[in-house]
Structures are given as structure tokens and as C-alpha cells.
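Student: Please see the structure below; I have some questions.
The values are calculated or read from the model by the stated rules, or taken from the named source; none is laboratory data. Remember, it's a predicted structure, so these values are computed and weren't measured experimentally. All Cβ positions, even for glycine, are placed from backbone atoms using ideal geometry, and neighbour counts span all protein chains on display.
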Number of protein chains: 2
Amino acid sequence: MPERISVVEKITKANDQLAELNRIRLDENKVFAMNLMASPGAGKTSLIERSLPLLADRFRLGVIEGDLATNLDADRAAAAGATSVQINTGSCHLDAPMVKQGLNELELSELDIVIVENVGNLICPASWDLGTHKSVLIASVPEGDDKPFKYPSMYRGVDMLVINKIDLLPYVSFDMERFKQGVEALNEGVVTFPLSCVTGEGIDAWVGWVAELALEQNS
Amino acid sequence: MPERISVVEKITKANDQLAELNRIRLDENKVFAMNLMASPGAGKTSLIERSLPLLADRFRLGVIEGDLATNLDADRAAAAGATSVQINTGSCHLDAPMVKQGLNELELSELDIVIVENVGNLICPASWDLGTHKSVLIASVPEGDDKPFKYPSMYRGVDMLVINKIDLLPYVSFDMERFKQGVEALNEGVVTFPLSCVTGEGIDAWVGWVAELALEQNS
């Protein structure tokens, strides 16, 4: 099917060019941006809700919420203190044109950090550069310790890994060693933050990392 | 982009035609087939492992495992007593041609039930008819009660809903009423099985439903 391949290639190339423009625009405005990816229900919005109040005294915060449907997540981000934009993708991932549209709606010159919350999906978002500076994957304990093995493209491509819902470790079968071995095989040395958005355990270390990168970008 | 639309339409139409052929072939062999869909880690393989031993005395069982990567799930299904075939999709969902290939590898005349485990994804599999008789969605309690609202195409299109991991209800914030309201708004009267693959609670009702449909198909 040469026709199909040529169309897909055209779309991907156009996306990557626009992603590069998004990144330049963020850099010009000294805004640090990250792309949060995860399965449905792993805790992307909960992590944003937990993190924003801890960053709000030092940084001006914007959130771009990508969802198949509803404004639920943008409402939660706004309630937690960020300027938020909802994008209903109608499809399985965000792409660079959608993020460009989101950036248009935010006043970048008045922001320091933009968090992009991708659509809940462990497969499709891995293939699309959005123009953010860092890609973050949120795994969660009840999903099981076999996920790195089964979704290698996602685990391989990220800069940072959050392991959420560690408060559920006593109640589920999750072998942290097996999980970490799977991660290491795909993404050696990737920095990992085990944490719980319910108890707050581990949140400070994660927020410290975000703050450090934002300060670097702002300087 | 008229070029893109025409290619997508061609692919979807070819898929649906092949799905119909898969269904005819299953019917000719009096095999009942279902398509299990869910987020990564909601418990598709665990439900198969729990169900097979309860069906094995009355039915001959086959499993087609769709995964982005690895044979882990086919190994688990085989260990639980089914003839199993692994398909590594390399993409975000199974389609009818892949299931046809899986059916080629199973001896249909010697089976009564075929369970197709789709790729872990709450979006893409909803759009692809595989030729199975029933579509089943497995939700899981730790994913959160907002999922019907956020993934409406998946919740709207299924014949049956399993709510897995009810053993975790005491440890997470999950409002069953809110969840059920979301489900009802999209898929009125859909039959629901709350259960736990860990404790076994609720498994009998689910297996009873599968057995009933398989007997109907076999008669």
C-alpha cells in the first residue's frame, strides 16, 4: 500500500516540523513544558492537582488537557490553580498542531511552566512529538509489573518515569524488582519517582525535579 | 485531505467485510467468540485465567491474544488450559485480518469458545469489528469512576461490562453510583458484572453468562 505509507509519512513529517516550532516558541518565552503520558486512570490529572499548589508560589502555571471527550480534567486543573485549556482530540493522542492551538490560547509570556496532559493511552502518544522539553510516563501499581514488557515503545521513549499509587502496594500483586528490570532493559538509567497522589508520599522529590528544570529554562 | 479519507475508508470497509467472514466461519463451526477490551492492566488476562478452569469441563477453549509485544499473555492462557495463539500487533488494536490469521491457527472444528483479548487500549479497539459475537469491556476500580465520561465510544459500543478489582474498593476513591450513571447514559441497560479476579467474588455469574451464550451458539 504505497499510497497509505506516503500519506502517513506526510502527516508525521508535518507534525515533527510543527513540534519544533512549538519548542522554539516555548524557548523564546522561557517556558518549560512537559508531556504527561499514561494509561487511562493512572493518575495524570491527580498528579497535576497535587503538584500545582506546590509550584504556584514560585512559578506561573499553564495546563493543556488532551482528552477524547469532556472538560473534566481542565476543570480540575483550573481548580488547582492553573490557567487551563481543554482540547478534545476525538482521537487516541495529542499531536503538535493541537498543542500549537493550546499554546495559542495560553498567554505564554506570562507563564513559566506548561504541563501537557496527553490522552490516556500507552501506545499512540509515544509516536507523536508535541514540542515539549520532557516526556514523562506515569505508571501505576494496580496496572501490574508486566507493563514495560508489553508496551516497550512507550517505556523506551520517555525522559522520566513516575510510579503512582504506591499506597496500594500492600493490596495488589506488584513485584517492584520485576517492574524495574523491565524498565531498565528499555530505558537504562531513567530517573524514577515512586509516589502516591493520595498520601502525598514522594511528591516533594517529583516537584523538586520539575522546579529545577523550570528554573534552568527560565534563567 | 480527501486522499487520507479515501484511504481510511478503504481500510475500514475491507476490515468490516473480513469481520463478517470471520463471523460466518465461527457460526459454521458453532463457535461462540467474544472480544475482550480494556485499559492496560484492567485484568483481561487475569479474567481469562480465572474463567478458563470453570469452563473447561463443558467447553473446548481457544484464546487469541493481541499484544503490542511479547508472548506473556498467550503463555498465561495456555497455562490456564486453552489452545492459545499470540498476535503481536505492532499497533494500537486488533483488526479483522489479524483475527482471521488467529482463527487459521486454531482448529475451529474442535473448539466451542474463542476468547479474543484485544490490545490494552480504551480508544482504538472500539472502531474495529473483529467478527466476534459479543464485545466485552473490562473496567477496573482503580482506574476511577470518571472513565465512561472520558471514553464514551468504548463504553457506548459494548454488549457487556465487567467491573474488575472490586476487592480494591475499600482502598480507593471510586463512586460506584457515579460510574453506573455514566455507563447508563451511554449504554442503557448494559449487563454488568462486578467481580474480583483476586478473591473470585462475582466470577460465577460472569462464567454463567459466557456458558449460556456458548450453549446457545453450539445448539
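Student: Taking the stated definitions as given, is residue B:158 of a type outside the set (Ser, Thr, Tyr) and surrounded by 24 or more Cβ atoms within 10 Å (Cβ to Cβ)?
Tutor: no
Student: Additional query: Of the residues A:82, A:42, which single one is in contact with a Ser or Thr (Cβ under 6 Å, 6 or more places away or on another chain), aliphatic (A, V, I, L, M), surrounded by 23 or more Cβ atoms within 10 Å (Cβ to Cβ) and touching a residue at least 24 places away in the same chain (Cβ under 8 Å)?
Tutor: Numbers: A:82 fails: in contact with a Ser or Thr (Cβ under 6 Å, 6 or more places away or on another chain).
Checking each option against the conditions leaves just A:42.
Student: Turning to a different aspect of this structure: Quick one: residue B:149 ticks every box in (1) away from every other protein chain (no Cβ under 12 Å); (2) under 23 Å from residue A:47 (Cα atoms) bar one, so which box is it?
Tutor: (1)
Student: Just to check your reading of the model, which residue among B:28, B:9, B:20 is modelled with pLDDT under 95 and more than 26 Å from residue A:150 (Cα to Cα)? Spell out how you get there, then give the answer.
Tutor: On the way: B:28 fails: modelled with pLDDT under 95; B:20 fails: modelled with pLDDT under 95.
Result of the check over B:28, B:9, B:20: B:9.
Student: Would you confirm whether any residue within segment A:198-219 is within 14 Å of chain B (Cβ to nearest Cβ) and not in a loop (DSSP other than H, G, I, E, B)?
Tutor: Scanning segment A:198-219, I find no residue that is within 14 Å of chain B (Cβ to nearest Cβ) and not in a loop (DSSP other than H, G, I, E, B), so the answer is no.
Student: Can I ask one more? Identify, please: which residue in segment A:100-116 is of a type outside the set (Lys, Arg) and surrounded by fewer than 19 Cβ atoms within 10 Å (Cβ to Cβ) and is, among those, nearest to residue A:90 (Cα to Cα)?
Tutor: A:101
Student: Hey, does segment A:172-184 have a residue that's touching a strand residue (DSSP E or B) at 6+ places or on another chain (Cβ under 9 Å) and within 14 Å of chain B (Cβ to nearest Cβ)?
Tutor: Yes, segment A:172-184 has at least one match.
Student: Could I ask something else about it? Here is a check on your reading of the model: is residue A:146 buried (at least 22 other Cβ atoms within 10 Å of the Cβ) and touching a Phe, Trp or Tyr at 6+ places or on another chain (Cβ under 9 Å)?
Tutor: No; evaluated as a whole, the condition is false for this residue.
Student: Continuing with the same structure: With the requirement that a residue be more than 14 Å from chain A (Cβ to nearest Cβ) and either more than 16 Å from the chain's Cα centre (by Cα) or modelled with pLDDT of 95 or more (or both), what does segment B:67-83 give you?
Tutor: Residues satisfying the conditions are B:78, B:79, B:80, B:81, B:83.
Student: Which one is modelled with the lowest pLDDT among residues in segment A:147-167 that are closer than 20 Å to residue A:124 by Cβ and touching a helix residue (DSSP H, G or I) at 6+ places or on another chain (Cβ under 6 Å)?
Tutor: Looking only at segment A:147-167, we keep the residues that are closer than 20 Å to residue A:124 by Cβ, and these are A:147-162.
Restricting the remaining residues to those that are touching a helix residue (DSSP H, G or I) at 6+ places or on another chain (Cβ under 6 Å) gives A:148-149, A:152-157.
On the way: A:148: 97, A:149: 95, A:152: 95, A:153: 95, A:154: 96, A:155: 97, A:156: 96, A:157: 91.
Out of the qualifying residues, it is A:157.
Student: Which pairs turn up if I take residues in segment A:26-37 that are among the small types (Gly, Ala, Ser) and look for partners that are crowded, with 19+ Cβ neighbours inside 10 Å and in a strand (DSSP E or B) with beta carbon separation below 7 Å, at least 6 apart in sequence or on another chain?
Tutor: The qualifying pairs are A:33/A:114; A:33/A:116.
Student: Just give me the residues in segment A:161-196 being farther than 21 Å from residue A:135 by Cβ, of a type in the set (A, V, I, L, M) and either surrounded by fewer than 16 Cβ atoms within 10 Å (Cβ to Cβ) or under 15 Å from the mean Cα position of the chain (by Cα) (or both), in sequence order.
Tutor: If the condition is that a residue be farther than 21 Å from residue A:135 by Cβ, of a type in the set (A, V, I, L, M) and either surrounded by fewer than 16 Cβ atoms within 10 Å (Cβ to Cβ) or under 15 Å from the mean Cα position of the chain (by Cα) (or both), then A:169, A:176 are the ones that fit.
Student: Would you be able to say whether some residue in segment B:117-132 is touching a strand residue (DSSP E or B) at 6+ places or on another chain (Cβ under 7 Å), buried (at least 24 other Cβ atoms within 10 Å of the Cβ) and farther than 24 Å from residue B:193 by Cα?
Tutor: no
Student: Looking at residue B:140, is it within 29 Å of residue A:125 (Cβ to Cβ), more than 14 Å from chain A (Cβ to nearest Cβ) and crowded, with 19+ Cβ neighbours inside 10 Å?
Tutor: Working: within 29 Å of residue A:125 (Cβ to Cβ): yes; more than 14 Å from chain A (Cβ to nearest Cβ): no; crowded, with 19+ Cβ neighbours inside 10 Å: yes.
So residue B:140 fails the test.
Student: Output the residues belonging to segment A:104-137 that are among the aliphatic types (A, V, I, L, M) and within 12 Å of another protein chain (Cβ to nearest Cβ).
Tutor: A:119, A:122, A:123, A:126, A:137 - these are the residues of segment A:104-137 that are among the aliphatic types (A, V, I, L, M) and within 12 Å of another protein chain (Cβ to nearest Cβ).
Student: So is residue A:46 within 26 Å of residue B:43 (Cβ to Cβ) and polar (S, T, N, Q) or not?
Tutor: Yes, satisfied.
Student: Can you tell me which condition residue B:58 does not meet? The list is (1) within 14 Å of another protein chain (Cβ to nearest Cβ); (2) surrounded by fewer than 20 Cβ atoms within 10 Å (Cβ to Cβ), and all the others hold.
Tutor: With respect to (1) within 14 Å of another protein chain (Cβ to nearest Cβ); (2) surrounded by fewer than 20 Cβ atoms within 10 Å (Cβ to Cβ), residue B:58 is out only on (1).
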